[in-house]
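> Right, I'll just put the structure down here and ask away after.
Throughout, read-outs are computed from the coordinates displayed, never taken from laboratory work. Since we're looking at a predicted model, the values are computed, not measured. When we count neighbours, we look across all protein chains shown, and the Cβ atoms used for this are built from the backbone with ideal geometry, even at glycine.
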Amino acid sequence: MDDSTKRLLQRLMRRIPSQMLQTILDKWAHLSREDLHSLDFTQPKWVLTEHLLALCEENGLRVKHITELEMIYIIENPNQGMWHGFQLLDAEEDAPSIELTQFKEQFKANLTELISHVSIKIKKHTDEAIWIRVAWGDNFTKPYHLKPTYVVHHLQTPYVFVTGVTSKHKPLLNQALVLATRYSSMKDAHLSGRNLTAIRDLLMRQYQQVFPTKHPKPLQEKNPVPRNPNIEKEQAENTENRLQMACEAFGDGTLPQLQKAVYKLETKFRDNSNKTLTGREEPFRGVVEFASTNLLESLRHCVSSGMASTPVTPLLSSITQKGRNYFVITDKGV
Amino acid sequence: MSLLKPFSKLPGLNTANILLVENEEQFQQKLADTVVLQEKTVNVNVLARSLPLPMENEESRPRIDLVVFIIHLTSELSFQSAETSLKYLDPGYFQGKVCFLVTNARNVSVPPERLVSVRKLAASLHCPLLCAEDQTTEGVTTAAHRLLAILKVAAGLVPMATGLYLSTLTRCTVPSDIDQQNFE
């Protein structure tokens, strides 16, 4: 094993938390049973890494096996790094009938045509998602495995999620994806976050949604919490209305975990008390950013507790309705 | 204007009613549950977010003996909402039937001017100002206990004591040098 492979393995071992190590090595399945048993998982990690390195050398494992280990780890823990959502546009006639082997061949062929030294690994996960790991090299150097790009795509949906791609390689990746999936172009969905499951749920609308009804009383089958007859709520209807509107705008139950919403303003400054800034021709550029550990949960609470006025402003509700968290606001609208 | 009037309804036998007004609607529920638990003679808690109270419940609503404004010092909105709700109370309430309850008074991140303005408001209305701690059960129990004491007097259940008498003893005062307070 050469130096760069060793370094890759060492880096990977530092990343994987000790609790998950045993399960991931089991899934990897490149070490024989005796080898796995010989690893003592109670030792400190650096000792374990040395031992593992020795075992890999013995078994003659190479870069492609190590990258497989990395991929298993990332598939188990996708919620790290920054994921960006993209949407494919204008399907051609045979786009819905693409299946896995065809996609694989096409993607690999396209990408290696565009850039000769590139390492691609494609894997299908149990929940029908295709995971692609790409390590980029250029015409003179071998692929650099320490900064790979991961792409997740669900076949037959027009959505792609990417992490770790630089602006240099983005157009190449886009082109390969577009050709392989038989669409005509790909655009940025303006949705990004640390949590892949959240982004996917938001774009594919897989969270619990609430639809507006004319009769918002709860179903009779639900057992209401026994209310103390001595306690009466005066403005209960208002509270219920607010909760209903909050859930309509943001959804019910557990919400996808978004970290930020960014609004880039390109509108003219409008405040009559400030004469120097009002009335200028150029737009007043500003950026409003909402950040939180779980943004949608905070916004829903703001609305249901009355801190934000109802009906919910379309600026906030379009985060869930349009599935994006980066907006550019001009004077004519979003 | 739909003012809340203190004496427009008949009192019930062995009942005392307390109205908890809080913008955030969080502490009031805990407080209401504890108050009802502590006192077994019937008392009805009415919870509201702000005054004026909805007209539909005018008939069925019992006579309110004590109005408590819960103000969270961590939020300016809480204070402003309490201030605007004050306008909907008949002046008859301010003779011992209104109380201010303040939370997070010890919190370092709260601007001290807010507590000063609440104190000034309570002092100008001759009402008591209580400080409560809403995060622990002991805090909630203590606050409920104190409120019950005031409620019993305001409802006339304590012989020889009226709300007006009690309020002259317990009302909030603001020392004249509070504006020049410094901690050197």
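> Fewest to most neighbouring Cβ within 10 Å: what's the order for A:Met71, B:Met160?
In increasing order of surrounding Cβ atoms, one gets B:Met160, A:Met71.
> Tell me, what is the FRET efficiency for B:Met55 and A:Thr293 to the nearest 0.05, using R0 = 35 angstrom and their Cβ-Cβ distance as r?
0.25
> So if I take the alpha carbon set of region B:1-149, get Rg, then get Rh from the Kirkwood formula, what is the Rg over Rh ratio?
Result: Rg/Rh = 0.95.
> Suppose we look only past 11 Å in the calculated P(r) of region A:157-200. What percent of the Cα-Cα pairs does that tail hold? Before the final figure, lay out each step's value.
Numbers: 660 of 946 pairs.
Pairs farther apart than 11 Å: 70 percent.
> Right, next: Estimate the FRET efficiency between B:Glu138 and A:Gln208 by the formula 1/(1 + (r/R0)^6), using the beta-carbon distance for r and 35 Å for R0, to the nearest 0.05.
Result of the calculation: an efficiency of 0.40.
> Using the Cβ atoms and a cut-off under 13 Å, what net charge is assigned to the surroundings of A:Asp127, where Lys and Arg are +1 and Asp and Glu are -1?
0
> Oh, and also: Over the Cα atoms of region A:104-158, what radius of gyration and what Dmax do you get, in Å?
12.1, 38
> From the phi of every residue in region B:155-167, what ³J(HN,Hα) in whole Hz does the Karplus formula 6.51 cos²θ - 1.76 cosθ + 1.60 yield, where θ is phi - 60° and glycine or proline is x?
Values per residue, Gly and Pro as x: 7, x, 8, 10, x, 6, 10, 10, x, 5, 4, 5, 5 Hz.
> List the lysines whose Cα lies under 27 Å from the Cα of A:Lys45, skipping any in the same chain that are fewer than 8 positions away.
A:Lys6, A:Lys27, A:Lys64, A:Lys147
> Could I ask something else about it? Once you have the alpha carbon radius of gyration of the protein assembly as shown, what is it after dividing by 2.2 N^0.38 Å, with N set to its residue count? Intermediate values should be presented prior to the final figure.
Working: Rg = 32.2 Å, N = 518, 2.2 N^0.38 = 23.7 Å.
This ratio for the protein assembly as shown stands at 1.36.
> Could you give the nm distance between label points at B:Gln26 and B:Ser2, where each point is 7 Å from its Cα heading toward the beta carbon?
Spacing of the two 7 Å Cα→Cβ label points: 2.8 nm.
> Could you tell me which trypsin sites (Lys or Arg not before Pro) in region B:85-140 are loop residues by DSSP with no more than 14 other beta carbons within 10 angstrom of their beta carbon?
Filter output for region B:85-140: B:Lys87, B:Arg106.
> Give the dimensionless ratio obtained when the Cα radius of gyration of region A:1-153 is divided by 2.2 N^0.38 Å.
Its radius of gyration relative to the 2.2 N^0.38 Å reference: 1.17.
> How about region A:64-159: which GluC sites (Glu not before Pro) there lie in a loop by DSSP and see at most 14 other Cβ atoms within 10 Å? Walk me through the intermediate numbers first.
Values: sites: A:Glu68, A:Glu70, A:Glu76, A:Glu92, A:Glu93, A:Glu99, A:Glu105, A:Glu113, A:Glu128; in loops: A:Glu92, A:Glu93, A:Glu99, A:Glu128.
In loop regions of region A:64-159 (DSSP not H, G, I, E or B), the sparsely surrounded GluC sites (Glu not before Pro) are A:Glu92, A:Glu93, A:Glu99, A:Glu128.
> Eight or more residues apart or on different chains, and alpha-carbon atoms under 24 Å: count the Lys pairs in chain B matching that.
Summing the qualifying lysine pairs gives 16.
> Helix B:27-38: angle to the longest alpha-carbon principal axis of chain B, degrees 0 to 90, nearest 10?
50
> Same structure, new question: Checking the cross-link filter: which lysines have an alpha carbon closer than 17 Å to that of A:Lys264, excluding same-chain neighbours under 8 positions apart?
Reachable lysines: A:Lys322, A:Lys332.
> Still on this model: Per the Kirkwood definition applied to all pairs of different Cα atoms, how many angstroms is the hydrodynamic radius of region A:76-169? Display every interim value, and only then the final one.
Details: mean 1/r = 0.0699 Å⁻¹.
Here the Kirkwood hydrodynamic radius works out to 14.3 Å.
> Return the percentage of antiparallel bridges among DSSP beta bridges fully within region A:180-334, rounded to the nearest 5 %.
65
> Could you work out the equivalent-ellipsoid semi-axes for region B:77-145, taking the square root of 5 times each eigenvalue of the Cα gyration tensor, largest first, in whole Å?
Semi-axis lengths for region B:77-145 are 22, 16, 10 Å.
> Follow-up. How much of the calculated P(r) for region A:16-83 lies past 18 Å, in percent of all Cα pairs?
Values: 846 of 2278 pairs.
For region A:16-83, the share of Cα pairs beyond 18 Å comes to 37 percent.
> What per residue convex hull volume, in Å³, do the alpha-carbon atoms of region A:164-316 yield?
With only Cα atoms used, region A:164-316 gives 234 Å³ per residue.
> Another one. Tell me, A:Lys104, A:Lys332 in order of fewest to most beta-carbon neighbours within 10 Å?
Placing the least packed residue first, the sequence is A:Lys332, A:Lys104.
> Moving to a separate point now. Rg to Rh for region A:245-304: what is it, with Cα atoms only and Rh by Kirkwood?
Rg/Rh for region A:245-304 comes to 1.18.
> Here is a further query. By how many degrees, between 0 and 90 and to the nearest 10, does the Cα long axis of helix A:45-59 differ from the longest principal axis of chain A?
50
> GluC sites (Glu not before Pro), restricted to region B:54-98: which are DSSP loop and have at most 14 other Cβ atoms within 10 Å?
Taking region B:54-98 and a limit of 14 other Cβ atoms within 10 Å, the loop GluC sites (Glu not before Pro) found are B:Glu58, B:Glu59.
> What is the angle, in °, between the Cα long axis of helix A:100-114 and the longest principal axis of the Cα atoms in chain A? Nearest 10 is fine, range 0 to 90.
Taking Cα atoms only, the helix is inclined about 80 degrees.
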